[in-house]
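Enquirer: The structure's right below; bear with me while I get my questions together.
What follows draws every value from the coordinates through simple rules; no lab data is involved. Nothing here was measured: the structure is a model prediction, and the numbers come from that model. Methodologically, a virtual Cβ is constructed for each residue, glycine included, from the backbone with ideal geometry; neighbour enumeration extends over all protein chains shown.
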Amino acid sequence: MRDFESLFKILTVAINTEQQQLNSTSPTQMYEPMAYIIGLGGKRVRPLLTLVGCDLFDVNPNHAIQSALAVELFHNFSLIHDDILDKAPLRRGNTTVHEKWNTDIAILSGDGMMVKSLDELCKSNPVHIHDLLKLFSKTALEVCEGQQYDMNFETQLVVSVNEYINMITFKTAVLLGCSLQMGSICANANTTNQNHIYEFGKNIGIAFQILDDVLDVYATDDKFGKQVGGDIISNKKTFLLLKAFELASVDQNKSLSQLLLSSNMMEKVEQVTKIYNDLNIKNIATNEANKYTEIALTHLKDIEANEDKKESLKQFAFHLLNREI
């Protein structure tokens, strides 16, 4: 496998070209916000995985560049709309599109990015377009369903851990699996290998989100990049909170429920964390993430590809998951 830095360079050139085209397209009120959010950067893990999924099977990753752009455009479309739903003021440390312009423009620009993502896919090798569109549309709908589940949880009194896993699978993990599989489609991989690489990405995505929940409570501000304890403050139904309610004694359950109503944020974070510690929630969550990581590695092992390239992908996945806690 080419080193990931060289693949990232290929991706960056393509995204920069796309951004320039958006910036020069009319009406500017619609296209400038699209160029703006793409220009905010980020890790661009998803489109990078598309190139990786192609390169893994010894095919030039440029054959998957349209799919990678489609993934990046779709992901940013979802961010624009998610920020509206969450009333978020910042994205990647910068003003969100709906705050910088307005909500109407943000909705329309997001819609435009969704359409542009499909347009990019249609530039792919005609042999692959049907399979790419089928996978992409399925995944896009699942991401929307995941967002709806997440919104439902805000008012749903009882949420099970299994319901939560299903939600993060749709909202986060399926797009990682899709990104890799789209690359493998462009590389003419057989169906079995496509399924294995999809499951690898999906399960890594589930593990990643569970570890993100852990980090929200146990990381330090300078290493996490956002407020530690933010999920506790906002009463977000994370794996940790749901597992705590599942395992709590009657008294602990009562205390947790009361703490969710507290307006003393520092005490709230401190006391909820103490209950997590008493119930060993951090280790339980980490073990759950490890379970999905192991499932992912089983699928990676079964992919028929060069072992050195598979090892590179494994190490890249570990790099994503090895976030200091």
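Enquirer: Tell me which lysines have Cα within less than 23 Å of Lys282's Cα, excluding those fewer than 8 residues away on the same chain?
Expert: Lys171, Lys202, Lys223, Lys226, Lys236, Lys237, Lys243, Lys254, Lys268, Lys274, Lys291
Enquirer: Let me ask you something else. Which one, Thr103, Gly42, Met114, projects farthest toward the positive side of the charge dipole computed for the chain from Cβ point charges (K/R +1, D/E -1)?
Expert: Farthest towards the positive pole: Gly42.
Enquirer: Once you keep just the Cα pairs under 8 angstrom separated by 6 or more residues, what percentage relative contact order results for the chain?
Expert: On the way: 430 pairs, mean separation 57.6, N = 325.
Contact order relative to length: 18 percent.
Enquirer: Among Gln271, Gln19, Gln209, which one shows the highest mean-square fluctuation when the chain is modelled as a Gaussian network with alpha-carbon springs under 10 Å?
Expert: The residue with the greatest mean-square fluctuation here is Gln271.
Enquirer: Where nothing but the Cβ of Lys and Arg (+1) and of Asp and Glu (-1) is charged, how large is the charge dipole of region 1-126 around its Cα centre, in debye to the nearest 20? Mind dumping the intermediate values first?
Expert: Values: 11 positive and 15 negative charges, 39 e Å.
Using Cβ point charges on Lys, Arg, Asp and Glu, region 1-126 gives about 180 debye.
Enquirer: Okay, next question. What residue among Leu321, Leu260, Ser249 has its Cα farthest toward the positive end of the dipole of region 245-325, where the charges are +1 on Lys, Arg and -1 on Asp, Glu, each on the Cβ?
Expert: Leu260
Enquirer: Another question about this same structure. Quote the relative contact order of region 229-325 in percent (integer), defining contacts as alpha-carbon pairs under 8 Å separated by 6+ residues. Numbers along the way, then the final one.
Expert: Values: 39 pairs, mean separation 25.0, N = 97.
It comes to 26 percent, rounded to a whole number.
Enquirer: On a C-alpha basis, how far is the centre of region 248-268 from the centre of region 143-163 in Å? Whole number, if you could?
Expert: Taking the Cα centre of region 143-163 as reference, the centre of region 248-268 is 21 Å away.
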